[in-house]
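What follows is calculated from the coordinates using simple rules that are stated; it is not laboratory data. Given the structure is predicted, the values throughout are model-derived calculations rather than measurements. Neighbour counts are summed over all protein chains in view; Cβ atoms, including those assigned to glycine, are modelled from backbone coordinates with ideal geometry.
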């Protein structure tokens, strides 16, 4: 900005009005800040900072329950049996799966190549333990559906299995059904996953079974 302009600016009469204390624009009450002395330095209702960190770590860090999932990690040969309806014959294929830990050992990710069913079967899953719900959790996506399936389950240490339940969106009928699943942990080198849904007559049947056999030793949790 040029010096002649600044000299002319300060010579304008209305500039003097801005400098008069009684002529300033009014300040709304909502814009006024309280005196410093009236603002408390600490809020007695606010949670303790150390307590907040401890709570956050409780919900954010892997738990002993995650160690159960470590038995699922590694490379697997998968025999898949799929039956779309209770009165049809099951289709069987052989594929493979890779499961590995991600996000600092919080989730186990599975990539499945299940061979050819009605379509080439490829799937992606995430398995974890939800500290909020105190249950094992999973989500599943595959090429047989555009829906993301989610489940919560509980572990039975006596029978070494995880039972879970959720909603299944059936691409064959375009309807939503209740599903029930069981993951059987047969030592460290064999697992069987079963998914049961209701047929058109309301009677439950086993829609899918995946039998996993380990190919190599599992990677260690990080």
Legend entry - Percentage, to the nearest whole number, of Cα pairs in segment 66-214 over 22 Å apart: 37 percent
Legend entry - Spatial separation of Cα centroids for segment 163-204 and segment 53-123, in angstrom: 14 Å
Legend entry - Order of 75, 198, 138 under a 10 Å beta carbon neighbour criterion, fewest first: 75, 198, 138
Inset, instruction - Going by C-beta contacts inside 10 Å, put 205, 127 in order with the fewest on the left. - result: 205, 127
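Return 184, 99 ranked ascending by Cβ neighbour count within 10 Å, so the fewest neighbours appear first.
By the 10 Å Cβ count, ascending, the order reads 184, 99.
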Legend entry - Calculated P(r) of segment 131-200 - Cα pairs past 19 Å, %: 40 percent
